[in-house]
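The values are calculated or read from the model by the stated rules, or taken from the named source; none is laboratory data. What you are looking at is a predicted structure, and each value in this text was computed from that prediction instead of being measured. Note that each Cβ is placed from the backbone with ideal geometry, even for glycine, and that neighbours are counted across all protein chains shown. In case anyone asks, the SASA skips ligands and DNA or RNA and just uses the protein heavy atoms, side chains included. Shrake-Rupley method; radii C 1.70, N 1.55, O 1.52, S 1.80 Å.
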Amino acid sequence: MLQIFKRLLDEDIRKQVAFILFLIWTISIFYFKDLALLFITPVAIITCVVIDCLLNLLIKKVRLISISAIITGQLIGLNLFSNTSIFLVVLISALSIILKYFMQIKGRPIFNPAVLGLLLGAVIFKTNPTWWGVS
């Protein structure tokens, strides 16, 4: 079991980042005891993964679940207030992944998709990003 866990985390640094963000989210839920925090991050992750899979299928004709979409969803979920509506979480998450595909140079995003989504959410939808996950 330990070998499987070690191999899983040794393959790609992004898996380590996703695992650490998952631990931060889990510990923060127990610390803050806010039920809304239990839903915001999974909704952001699911939205990012679904939109990313759809765009991969439409643009690249590949079925792929990207670890970077999971990390983007985790970062968005950990940076939105618990009173943010689920609709805005979905909108910000979808917007960040869509912009990831349309703002590229040589196949690489120009900006960090999570940060760009949070910035546009703050400017357009007047959400206040906060890093509650580690506060």
So which DSSP H runs in the chain come out at 15 Å plus along the axis (Cα) with average Kyte-Doolittle of at least 0.0? 13-32, 37-55, 67-79, 86-102, 113-124
Mean Cβ count within 10 Å, highest first, over the residues of peptides 66-79, 36-49, 14-27, 114-127: 66-79, 36-49, 114-127, 14-27
Computed on Cα atoms, Rg of the chain relative to 2.2 N^0.38 Å comes out at 1.07
Accessible area expressed per residue, the stretch 1-90, with surrounding protein chains retained (probe 1.4 Å, Å²): 64 Å²
Can you compute the FRET efficiency between Met103 and Gln3 using 1/(1 + (r/R0)^6), with r the Cβ-Cβ distance and R0 = 30 Å? Round to the nearest 0.05. 0.15
Using only the Cα atoms of the stretch 77-135, what semi-axes does the equivalent ellipsoid have when each is the square root of 5 times a gyration tensor eigenvalue? Give whole Å, largest first. 22, 12, 9
Obtain the nm distance between the two label points defined at Ile59 and Asn83 by a simple spin-label model: each point lies 7 Å from its Cα along the Cα-to-C-beta direction. 3.6 nm
